[in-house]
Amino acid sequence: MIKTYTLIAFFVCNLSSTCPAYQLIGTATLSEELVAQHYTINANLDAVIVADRTTPTFEYQTYYSAGSADEEEGKQGRLHFLEHIISGTGSREYGKLNQIVIANGGQKNASTAYHYTRFMMRFPKDKFDLAVEIDSGRYYNTVINEEVVEKEKKIILTERSRRVASLNRRIVNYFFGLVYHKKNFEPLGTEAFIKQLDPVDLQDYYENFLRRQKRLVVVIGDVDVDYVLAKLDEAYGNEQIMGELSSKLPTPHYPNYEVLGKRKTHTSKNLLLSRFRKGWYIPELGHRDYAGLLILERILEKPSNSLKSSLVDSGLVKSFSVSINSYKGFGLMTCYAELPHDTSRNTLHAMIRTELERLKSISKSELNAARNQQLTTMYSSFYNRSSMASEFGRAFASANKPLLYPKLIKDIKSIRREDIPRIINQYLMDYNSITHALTVPETKESPPRTFLEYGVMVLACVGLIALLGGLVALLVWGGKKLHQKFSRKANEYVFESDD
Amino acid sequence: MFLKVMISFVLCYVVGVLPAVAEISNHHIFYRQDKRAPVTSIEIVFLGAGSKQEQPSQTGLAVAASKLIQEIAKKHGYMDKLEALGTRLNTSPRTLYHTISIYGLSEHCAESIEIVRDLIYDLEFSESDLRQIKKLMVTDYQNYLRKDPHPLMRNFVVAQTKGIKKLKSLKTLQDLSLKDIRQYYDQLLKTDVVFFKVISSLDSTEVTKLLRPITEERQRGGFVHSLKFPTTDYSVGPSAFVFNANIKSVLCQWLIPCGDISEESTISTLISDVLLDDARGLIHQYFRQELGLVYGPSCKVRWSEGVRYLYIFADPKLHNSEELIVKMSDFIRELSDNPRFWESLKERREILKVSYVHNQTPKRSLDREVSRAIYNRPTRKGGSDSVTDEDVRSFLEKFFISQNMIMVFAGPKDHITGILNTHWPEIEVHEQSTQSLIE
């Protein structure tokens, strides 16, 4: 009997085309006022919706789960180029989209991260139809022609040259080249590669790579959830899902064993301060130990009675920061310092090690303090719709689970003292890290010279001066001869032309 | 007194939106409830304290006092106590006021307030603390120079051309004495008006109760709030400041001084919106989209020691720099005759009618309300809608002229002076070292 009803329902839905394709697959309570709902709109598109009526506007962000680190080495930069075209032009004439968004009281932006490409819009609450229209227009009909490509190329090359000019940006690129096994890690692409891109290449990459990635739409704001779902269903519910990717994402293989446990050093003249970056491979967001690592980051970073304060206050470093980020299939906990050239990097390594050893016997109060601080930080993003949307987007891009952020808040609350030493031993060891330093070249002091050496130097100088004098005399003589010769020729020429 | 505060607070709360006030009553609470997160942010604002109270020979005093509060909080365990609750402490001096603020979990708010009360009323400064702070501030000054010298450059050139005080000086910093700090802090604690700026998941009655420890013990007779600054009506005419830097681009800023802090700012804000509020901004359209000379120009209205100015920033590559500098300077000078400006103004008026809703977040509306109360500027009835094209034209003709334009460049010195000599041989060029910004 049940089977019969199911079959009837199936046929009714298919025939009338009124049955929505979306499905609720999870909800998470963020706070007293905010609840996140996670839906599947079609096989390639998910949506997270949070109704927040504080301000009569809404945030609309679209994430494609591919970013610059997912691009082939030597061909990086195409996603960033497409991001410019999709965000700037979409399905309209060049320049029109900006006009439409702004005339309707909206704002828009876009960015390309290592593992996702993101498009952001913000509108007054009555413009939801327009937001979906722009988003679906961009998805189905982005215009990639000669005019658009040439205009964006100029802008992108300017943007690129600005980034390349930044030493810190170059150091970050080198470090992530080590992390991603890429000799030349250039998220915006090389200048030569960008210059030769044409509309055909980009159209092909758009159709066969970017559009085949899984997407997430995040809507947060003064919206009616049912209406949002109906509009998304209307735009994407009947989408023809394209087949397998023609160029699949490279299979990630982390960590990079070639550099694991190594300490790489580069030198550069005229450097005011040395740079030091140490990153430990850690599990991705969603792993049960991620919360414990966030607690450790908080302790190392706190402004007083911490590794950071002791390093800065003692003058060993000028600045010090610790951060945690989740990437596709892995995470990184990174310490970054700017230090005077005479601070030994070994001292820095030793101080980090000592602090981590101390933290293996973390007190209950220290753990609670770090927990409270971490919660304060995490709750802050609920005040900012754009940050909140980013948290869903990042979790989607790195683990395909957008609602990990609220889960992480729960994990933070339940972390125990005994987890900490295990986490340190498992992840925060030197053999599980990559270190890169940039410093000035070493100057070798030469031993004092003898009288004999000074004598030889004086003789050599005299000889050199005599040789140079001879050369100059020869040149002057030769020059005069040549001058006489060519002056005659020039006069002859003038004479001929006058005739 | 407490009853008076309660009544005014409850009245305002019942009305919903607090009206702009000409004068802020002592211990007034500007408040918004926001239940989206279980956190509370409280700013204690000492109105009248701040960098305005420093003599030119005491530049850095307010910042030093601020840093000392933090340092002592660390040294005497207050910071640890706050951190244990997940509460962040911040202190920050502005030109006309000084804030001590906390941000943390609402459930620990009462305890955090008690700790802050103990800290601010039991503060004892020592010579060694001051020495330590001076050392940290020297590092800070050098970091500013290295990482983001543009605000320092702007303050420096306004100081040089308008006679205001330079905000950072290593010399005056070294000369600061413990006596100066104690005097400043004593005056700060007794500031005539202290008020609160609160966003919290807690309700108003709870917040009022929470703040009692701060208000109960306060004496008065310290700093008094005033918008009056020393007269700054002299100008050195069109000038250019060049900071030598070995980089492959030229960092360019154009400053257009336009009035003082107490004057209404609707027209200057409207013009800066037309020029560069978003991708429809005229500078973005023309210099980025059409000419492709820059990637991320910006345009803002700012104040430095009472002097208001509009500034435009652009960072062209070396080979684009001459074209950009010449075109941008002409663009500024000829703005009132530029038909595209008037079209953009018309378009911007329409945009403002629909985009204002983005500013209705609890934080932004609270900031606006507090700002209105502090600066007490004459407000235009009808806001930017009441500004006519003629008002804008007179403003442009008064301020957007060669004589009032200050150009600031950082990049290869010879390249920049070459451009200036070619196009504006009459202009007064000041070659400066970046170190002079903090000397």
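The values are calculated or read from the model by the stated rules, or taken from the named source; none is laboratory data. Small disclaimer: the values here were computed from a predicted structure and weren't measured. FYI the Cβ positions are ideal-geometry reconstructions off the backbone, even for glycines, and counts take in every protein chain you see. Heavy atoms of the whole protein, side chains included, go into the accessibility calculation; ligands, DNA and RNA do not. Shrake-Rupley method; radii C 1.70, N 1.55, O 1.52, S 1.80 Å.
Given N residues in chain B, what is Rg(Cα) / (2.2 N^0.38 Å)?
1.06
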Straight-line reach check, A:LYS302, cutoff 18 Å on alpha carbons, 8 or more apart in-chain or any other chain, hits among aspartates and glutamates -> A:ASP313, A:GLU338, A:GLU355, A:GLU357, A:GLU366, B:GLU71, B:ASP80, B:GLU83
quick note, the range B:239-437, DSSP beta bridge pairs, % antiparallel (nearest 5) is 65
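Place the peptides B:170-176, B:57-63 in order of packing, highest mean first, counting for every residue the other Cβ atoms within 10 Å and averaging per peptide. Show your work: numbers first, answer last.
Details: B:170-176: 16.0, B:57-63: 22.3.
Per-residue Cβ counts within 10 Å, averaged per peptide and sorted highest first, yield B:57-63, B:170-176.
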Can you tell me the dipole magnitude for chain B around its Cα centre, using point charges on the Cβ only (Lys, Arg +1; Asp, Glu -1), in Debye to the nearest 20? 500
What residue among B:THR388, A:ALA369, A:ASN168 has its Cα farthest toward the positive end of the dipole of the protein assembly as shown, where the charges are +1 on Lys, Arg and -1 on Asp, Glu, each on the Cβ? A:ALA369
Cα to Cα, under 21 Å, and not fewer than 8 places away if on the same chain: which lysines meet these conditions relative to B:LYS228? B:LYS52, B:LYS162, B:LYS165, B:LYS166, B:LYS190
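Out of all DSSP beta bridges with both ends in chain A, state the antiparallel percent to the nearest 5.
Values: 56 of 68 bridges.
Beta bridges within chain A, antiparallel portion: roughly 80 percent.
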Summing Lys, Arg as +1 and Asp, Glu as -1, what charge do residues with Cβ under 14 Å from the Cβ of B:LEU210 carry, B:LEU210 excluded? -3
Can you give me the distance in nm between label points at B:SER25 and B:LEU318, each placed 7 Å from the Cα along the Cα-to-Cβ direction? 6.4
With unit charges on the beta carbons (Lys and Arg positive, Asp and Glu negative) and the dipole taken about the Cα centre of the range A:18-236, which residue among A:THR40, A:THR112, A:LEU210 sits farthest to the positive side? A:THR112
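Taking 37 °C and 0.692 mPa s as the conditions, I'd like the Stokes-Einstein D for the range A:18-236 in µm²/s, using the Kirkwood hydrodynamic radius from alpha carbon pairs.
Working: Rh = 18.5 Å.
Here the translational diffusion coefficient equals 178 µm²/s.
Over the protein assembly as shown, average the accessible area per residue using a 1.4 Å probe and give it in Å², no decimals.
Details: 42930 Å² over 938 residues.
Result: 46 Å² of accessible area for each residue.
Which value, in debye to the nearest 20, describes the size of the charge dipole of the range A:18-236 about its Cα centre when Lys and Arg Cβ atoms bear +1, Asp and Glu Cβ atoms bear -1, and nothing else is charged? Display every interim value, and only then the final one.
Working: 27 positive and 31 negative charges, 177 e Å.
Charge dipole, the range A:18-236, about its Cα centre: 860 debye, nearest 20.
For A:374-380, what's the mean count of beta carbons from other chains sitting within 10 Å of each residue's beta carbon? Before the final figure, lay out each step's value.
Working: counts 1, 6, 12, 4, 1, 9, 4.
For this peptide, the per-residue mean of nearby foreign Cβ atoms is 5.
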For a quick protection proxy, order the peptides B:77-83, A:467-473, A:226-232 by their average other-Cβ count within 10 Å, most packed first. B:77-83, A:226-232, A:467-473
Shape of the range A:269-414 from its Cα gyration tensor (a ≥ b ≥ c, root eigenvalues): rounded if a/c is under 1.5, otherwise prolate when a/b > b/c, or oblate? prolate
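A plus B alone minus the pair: what accessible area, both sides summed, probe 1.4 Å, in Å² to 100? Don't jump to the answer; show the numbers that get you there.
Values: alone 26520 and 20740 Å², together 42930 Å².
That pair hides around 4300 Å² of surface in total.
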What are the ³J(HN,Hα) couplings of the range A:337-350, residue after residue, when phi is run through the Karplus curve with 6.51, -1.76, 1.60 and θ = phi - 60°? Round to Hz, x for glycine and proline. 9, 10, 9, x, 4, 7, 7, 6, 5, 5, 5, 5, 4, 5
Kindly flag which residue pairs out of B:LYS74/B:LYS179; A:LYS96/B:LYS317; A:LYS182/A:LYS262; A:LYS153/B:LYS317; A:LYS75/A:LYS151; B:LYS35/B:LYS197 have an alpha-carbon separation exceeding 18 Å in this structure. B:LYS74/B:LYS179; A:LYS96/B:LYS317; A:LYS75/A:LYS151
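Carbon-plus-sulfur fraction of the accessible area of the range B:239-437, 1.4 Å probe, in percent?
Details: 3900 of 8210 Å².
About 47 percent, which is the carbon plus sulfur part of the accessible surface.
Taking each residue of A:118-126 in turn, how many C-beta atoms of other protein chains fall within 10 Å of its C-beta, and what is the average?
On the way: counts 0, 0, 0, 0, 3, 4, 6, 1, 2.
Neighbouring Cβ atoms belonging to other protein chains average 2 per residue here.
Calculated FRET efficiency, A:MET429 and B:ARG131, Cβ-Cβ r, R0 30 Å, to nearest 0.05?
0.15
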Mark the label point 7 Å from the Cα of A:ALA165 along Cα→Cβ and return the residues of the range B:311-327 whose backbone N is within less than 17 Å of it. B:312-327
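What FRET efficiency comes out for A:VAL35 versus B:ARG368 if R0 is 35 angstrom and r is the Cβ-Cβ distance? Round to the nearest 0.05.
Details: r = 30 Å, r/R0 = 0.85.
Efficiency, rounded to the nearest 0.05: 0.70.
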Environment charge at B:ASP385 (Cβ cut-off 10 Å; Lys +1, Arg +1, Asp -1, Glu -1): +4
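Can you say what percent of the DSSP beta bridges in the protein assembly as shown, counting only those with both residues inside, are antiparallel? Round to 5.
75
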Once each part is reduced to its C-alpha centroid, what is the distance from the range A:127-186 to the range B:51-96 in angstrom? 41
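Can you give the charge dipole size of the range A:202-317 about its Cα centre, rounded to the nearest 20 debye, using +1 on the beta carbon of Lys and Arg and -1 on the beta carbon of Asp and Glu? The partial results should precede the final answer.
Values: 17 positive and 15 negative charges, 235 e Å.
Computed charge dipole of the range A:202-317: roughly 1140 debye.
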May I ask which residue of B:ILE100, B:ILE416, B:SER51 lies farthest towards the positive end of the charge dipole of chain B, with charges of +1 (Lys, Arg) and -1 (Asp, Glu) on Cβ and the Cα centre as origin? B:ILE100
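Does the protein assembly as shown classify as rounded, prolate or oblate by the C-alpha gyration tensor (a ≥ b ≥ c root eigenvalues; a/c under 1.5 gives rounded; else a/b over b/c gives prolate, otherwise oblate)? Don't jump to the answer; show the numbers that get you there.
Working: a/c = 1.29, a/b = 1.14, b/c = 1.13.
Here the protein assembly as shown falls in the rounded category.
Once you average over the residues of A:364-372, how many Cβ atoms of partner chains fall within 10 Å of each Cβ? Present the calculation step by step, with values, prior to reporting the outcome.
Numbers: counts 0, 2, 3, 0, 3, 8, 3, 1, 10.
Mean shielding count: 3.
Of all the accessible heavy-atom surface of chain A, with the other protein chains kept in place and a 1.4 Å probe, what percent is carbon and sulfur? Spell out each step's value before the answer.
Details: 13550 of 24370 Å².
Result for chain A: 56 percent of the exposed heavy-atom area is carbon or sulfur.
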Using alpha-carbon positions, the gyration tensor of the range B:239-437 gives root eigenvalues a ≥ b ≥ c; with a/c under 1.5 called rounded, otherwise prolate if a/b exceeds b/c, else oblate, the class is prolate
